[in-house]
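**Q** Below: one structure in structure tokens.
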Amino acid sequence: MRVMVKANIPTATGNAAIKNGTMGPTLAKVIETLKPEAVYFTVEGGMRTAFIFFDLKEPSDMPKSGEPLFLELDAQVTITPAMTFEELGQGIAKMG
């Protein structure tokens, strides 16, 4: 199932990770592990924020998708199902 991970990184933690050089490697490790179809970075609520879209094959894969963000960047992480416009159309068609 395609999901979206949203990671809000607190400003102080993000600043420290940039200064000590761990921000890039941490995000690279997450991206390498998840092999996302898309990744976007922005600012939300005054915090650095990442939106990562990838295929979650098994619910037991959830920890590997969030734990590095929790442990290394103190991020607030949400995992939400996501679908394309085509998939939305298929879902609406199933409604009858």
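No lab work stands behind these numbers, since they all come straight from the coordinates. Bear in mind the structure is a predicted one, so any value in this text is a computation, not a measurement. Quick reminder, even Gly has a Cβ in these numbers, built from the backbone with ideal geometry, and neighbours come from all protein chains shown.
**Q** For the Cα atoms of the chain, what angle does the longest principal axis make with the long axis of helix 23-34, in degrees from 0 to 90, nearest 10?
**A** With rounding to tens, the tilt is 30 degrees.
**Q** 5 Å is the cut-off here: which amide hydrogens, built 1.01 Å from N in the peptide plane, fall below it relative to Ala82, excluding neighbours closer than 5 in sequence?
**A** Under 5 Å from the amide H of Ala82 lie the amide H atoms of Arg2, Val3, Met4, each far enough along the sequence or on another chain.
**Q** Separate question: Could you work out the helix-only [θ] at 222 nm for the chain, with each DSSP H run of four or more residues adding -39,500 (n - 2.57) and the total divided by the number of residues, to the nearest 500 deg cm²/dmol?
**A** Numbers: 4 runs with 44 residues, N = 96.
Calculated mean residue ellipticity at 222 nm is -14000 deg cm²/dmol.
**Q** Separate question: Return the label of the correct value of Rg and Dmax of the Cα atoms in Å, as calculated from the structure shown, out of (i) 14.9, 55; (ii) 23.7, 73; (iii) 13.5, 44.
**A** Only one option fits the structure, namely (i).
**Q** Then there is this: Using 0.36 nm per residue, how much length does the chain from Ser60 to Asn15 gain when fully extended, once their Cα-Cα distance is taken away?
**A** Length gained, Ser60 through Asn15: 13.1 nm.
**Q** Which one of Ala75, Gly45, Leu34 has its Cα pushed farthest toward the positive end of the charge dipole of the chain, where Lys and Arg give +1 and Asp and Glu give -1 at the Cβ?
**A** Farthest along the dipole direction, towards plus: Gly45.
**Q** For Val39 and Glu86, compute 0.36 nm times the residue count separating them, minus their Cα-Cα distance, and round to one decimal in nm.
**A** Residue separation times 0.36 nm, minus the Cα-Cα distance, leaves 14.9 nm.
**Q** Determine the sum of side-chain charges near Arg48: Lys and Arg each +1, Asp and Glu each -1, restricted to other residues whose C-beta is under 15 angstrom from that of Arg48.
**A** -1
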